[in-house]
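Some notes on the structure that comes next.
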Amino acid sequence: MLGWRMLGVIVWLFVGLFVWANPLLAKSPLPLPGKSSVYQRVVSHPGAVLYAGPEAGAQKLVSLRTFTVLYIYGRSGDKIEVGVNTTGADGWIDANLVTEWPQAITMLFTDRMGRDPVLFFKTHDDLVKTCQAESVSALVSKYLARMRVNPAQADPVVATEPLDTAVAQKNFYLLPVLSIDSQFQDLKLVEVASLDPGTSGEQGSSPNNTPPNDRDLRIGFAFVIDTTISMGPYIQQTTALIRNLYNALEKSKYADNMAFAVVAFRSSVRKTPGLEYTAKVICDFTTVKDRKRLEDALKTVEEAKVSSHDINEDSFAGVLEAAEKLSWDKFGSRVMLMVTDAGPLRADDPEAKTKLTPDVLKNLLKEKRIYVTCAHVRTKKNSTNTAYAAKNYQRLTLQDDKQASYIAIDATNAKTGAESFQKTAKVLANSYERLLTATATGQFLKKPSSIGQKKRLSPEEEARRIAETTGYAMQLQFYGDQQKTRAPKVVRAWIADADLARLESAQGEAPVLACEPAVLLTKAQLSKLYEQIKLLLEASEEAFLNGKTDLFAQIKSAAGMMSRDPKQFSLNPEQNLLENNLLDEVIADLPYKSQIATMTQQDWENMSTGARQRFISRLKSLLERYDAYDRDAANWERFGTSNPNDSVYRVPLSMLP
């Protein structure tokens, strides 16, 4: 033991001497005013060069990739000392070749489910005048037409989101937010600095509507079925539907490009062992060539022999099972149809397997690019639970066009209900099969006109609307992936966060989002936030279970239990969690309000039992997502940093506490 201690001392002395002898390694980036761990950052412009010092004639070190994200270490005249890591500066750069990025907020394009491409305006005034035009939609159409003919002469628009494709999923892009103007209700004007960091070449939108050469679009269609008592007719209808779909596909030369899978769910087997399973894969994706395997597997599926413990079933467990266990990686387009006559178990239900809220599960599906539709079978028996179920499934399936992929099946008559479901599911599946054929033959789908639809639709009409909007988005994404489409390069411009062409038809409702905010968190920041939420969860559960109202006292106790110094929390009950330094300061100045971050001791005391349960459920769901983000290696971006803790992830604003 003494030998190991001596070795530790020697290593510590060596590291200390090395840092002392290399002052650049010992430096930290400059913090933002009033912060201690949130650092000043810049984004480099085209032509930026890194020099060895700030003086004239300093040695040139390297030409930087365009739109590299850099930390600021110092300033000297018109030069800025910068580094790609938080562990030390790399050199000096001209101040006029960078844009300062005051907050780590970036924008993400939403799925194009019928909206127009985002326009990038030269100035703030140009965008304001467009929003105030007599006919915004006509003006937007004129700008888009100019961009198609000659982008260089489309003033005042300097660039657009790719016109006929989406940005390829594997192409990490960045829209750093420099400032936000909220002068219009439900519409934000956003100044962004740049896009597509570190790349060269033009955006890859398909010129003259010429489709890509590789047309191998593959669609994975998963049925997620409730197999509890009373669902027998729908199990039979699903089996019959898949058989009929296979029959139709056998006549198509693109048959092998569409595959079906089935996942079944019930509820808690801990509470009701006779249910046999909570969720399980009946059969992974199979094509026409292997249809017998799926049909044989479906023959083994029967409705449960015993009733569940609750009127609600664990439908979210079924969705999660399908999302994580099926072979989605084989398919560029991914669709899920959930069929149930019950609502989901609440996230705070002890028997709920996932502990996920609808919003958090929706975020997970969006990250995996799975489009989920819910066919909600409404019967006389479950009428008292219909409103609860509908609300949760609408939240789960709410799409970027502000409409939910939710279909209400009237099954007050069991026979007609089963027939309605069969027709509805057939419309969905056939519509996606037509998407496959259209893409394979080089046909571009028309932009859906049903976006913002207020007319009440039949289940079949609703299924057609859903397939049209999601199919359009999936085809754009397919073309983008095949062409490796990049976001446009813009050093500085103004965009609207909503679809400008739809503003006039919003009629008082929230407009369709064109892009949404996300926060760029480093590995270190995400890890710190995870630990803080975990600490808060421990304290909240202890206070809730023991009926205690002094949450802040429980936080100090939990800190001690987790081997953290409770003395660091000199908690002021008049201040909220953020002001008490219980949450990372990176979220302090974000432009949104949060129940968690702004909660005080008094707020906890005033909460009802149900509100406290929902608060705890939210914390659990956030931990699940942060853990998933940490494992999502494909979407962490390093920007040239050698320090793994400085790699960054775009965390949606809605997923922050």
Worksheet entry | Extreme residue, positive dipole direction of the chain, given options Ala463, Phe421, Phe172 (C-beta unit charges) | Phe421
Response to the item:
Placing each pseudo-label 7 Å from Cα in the direction of the beta carbon, Glu367 and Thr598 end up separated by a distance in nanometres of 2.6 nm
Worksheet entry | Entry for Cα extents along the principal axes in Å (calculated from the structure that is shown) out of (i) 82, 68, 54; (ii) 91, 55, 50; (iii) 91, 66, 49 | (i)
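At a 10 Å Cβ-Cβ cut-off, how would you order Ile533, Ile282, fewest neighbours first?
On the way: Ile533 21, Ile282 16.
Ascending Cβ contact count within 10 Å gives the list Ile282, Ile533.
So for the chain: antiparallel DSSP bridges make up what percent, rounded to the nearest 5? Kindly include the intermediate steps, with their values, before the conclusion.
Details: 53 of 80 bridges.
Antiparallel: roughly 65 percent of the beta bridges in the chain.
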Discussion item. Please compute the modelled spin-label separation between Asn430 and Lys142, points set 7 Å along Cα→Cβ, answer in nm with one decimal.
Written reply: 4.3 nm
Item to complete: Answer with one residue from Trp604, Thr228, Ala56: the one whose Cα lies farthest towards the positive end of the charge dipole of the chain, charges on Cβ with Lys, Arg +1 and Asp, Glu -1.
Response: Thr228
Worksheet, complete the sentence: 1/(1 + (r/R0)^6) with r = Cβ-Cβ of Arg270 and Ala52, R0 = 60 Å, i.e. FRET efficiency to nearest 0.05, evaluates to 0.40
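If you count the DSSP beta bridges with both ends in region 219-483, what percent of them are antiparallel, to the nearest 5?
Details: 6 of 33 bridges.
Just about 20 percent of them are antiparallel.
Would you calculate a helix-derived [θ] at 222 nm for the chain, using -39,500 (n - 2.57) for each DSSP H run of n ≥ 4 and dividing by the full residue count, to the nearest 500? It would help to have the intermediate numbers written out before the result.
On the way: 15 runs with 221 residues, N = 657.
Here the helix-only value at 222 nm equals -11000 deg cm²/dmol.
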Item to complete: Report, in degrees rounded to the nearest 10, the 0 to 90 angle that the Cα long axis of helix 459-483 makes with the longest principal axis of the chain.
Response: 40 degrees
Worksheet item: Order of Met599, Met338 from fewest to most other C-beta atoms within 10 Å?
Response: Met599, Met338
Fill in: C-alpha long axis of helix 551-561 to longest principal axis of the chain, angle in °
80 degrees
Item to complete: List every residue whose amide H lies under 5 Å from the amide H of Ala193, counting only residues 5 or more places away in sequence or on a different chain, with H placed 1.01 Å from N in the peptide plane.
Response: Leu178
Discussion item. With angles folded into 0 to 90 degrees, how steeply does helix 315-325 sit against the dominant principal axis of the chain? Use alpha carbons for both and round to 10.
Written reply: 70 degrees
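Could you give the length gained on full extension between Glu605 and Glu574, defined as 0.36 nm per residue of separation minus the Cα-Cα distance, in nm?
Working: separation 31, 0.36 × 31 = 11.16 nm, distance 1.24 nm.
Taking 0.36 nm per residue and subtracting the Cα distance, the gain is 9.9 nm.
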Worksheet, complete the sentence: Neighbour-count ranking for Arg148, Arg41, Arg266 (other C-beta within 10 angstrom, fewest to most) reads Arg148, Arg41, Arg266
Fill in: Zone of Val62's modelled label, taken as backbone nitrogen in region 84-126 under 15 Å from a point 7 Å along Cα→Cβ
84-93
Fill in: Eligible lysines near Lys79 by straight Cα distance, threshold 26 Å, same-chain separation 8 or greater
Lys27, Lys35, Lys60, Lys489
Worksheet item: Roughly how many whole Å is it from the C-alpha centroid of region 73-125 to that of region 497-554?
Response: 24 Å
Worksheet item: How much length is gained if the chain between Glu324 and Asp126 is pulled fully straight, taking 0.36 nm per residue apart and subtracting their Cα-Cα distance, in nm to one decimal?
Response: 66.7 nm
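So between Gln236 and Asn645, what do we pick up on full extension, going 0.36 nm a residue minus the alpha carbon distance? Don't jump to the answer; show the numbers that get you there.
On the way: separation 409, 0.36 × 409 = 147.24 nm, distance 5.17 nm.
Fully extending the segment from Gln236 to Asn645 adds 142.1 nm.
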Worksheet item: Too long at a 24 Å Cα-Cα cut-off: which of Lys188/Lys455; Lys523/Lys620; Lys330/Lys484?
Response: Lys188/Lys455
Response to the item:
Neighbours of Ile242 by Cβ distance under 9 Å: Lys/Arg at +1, Asp/Glu at -1, summed charge +1
Response to the item:
Placing each pseudo-label 7 Å from Cα in the direction of the beta carbon, Asn546 and Gln443 end up separated by a distance in nanometres of 6.7 nm
Worksheet item: Counting only the backbone N, which residues of region 642-657 are under 20 Å from the spot 7 Å out from the Cα of Leu398 toward its beta-carbon?
Response: 651-657
Worksheet entry | Cβ-derived FRET efficiency at R0 45 Å, Arg293 paired with Ala524, nearest 0.05 | 0.45
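Cβ under 11 Å from Asn645's Cβ, Asn645 left aside: what net charge do those residues give with Lys, Arg +1 and Asp, Glu -1?
Numbers: positive: Lys523, Lys528, Arg638; negative: Asp646.
Spelling it out: positives minus negatives among the neighbours equals +2.
Throughout, read-outs are computed from the coordinates displayed, never taken from laboratory work. Quantities reported herein were computed from a predicted structural model and do not represent experimental measurements. Methodologically, a virtual Cβ is constructed for each residue, glycine included, from the backbone with ideal geometry; neighbour enumeration extends over all protein chains shown.
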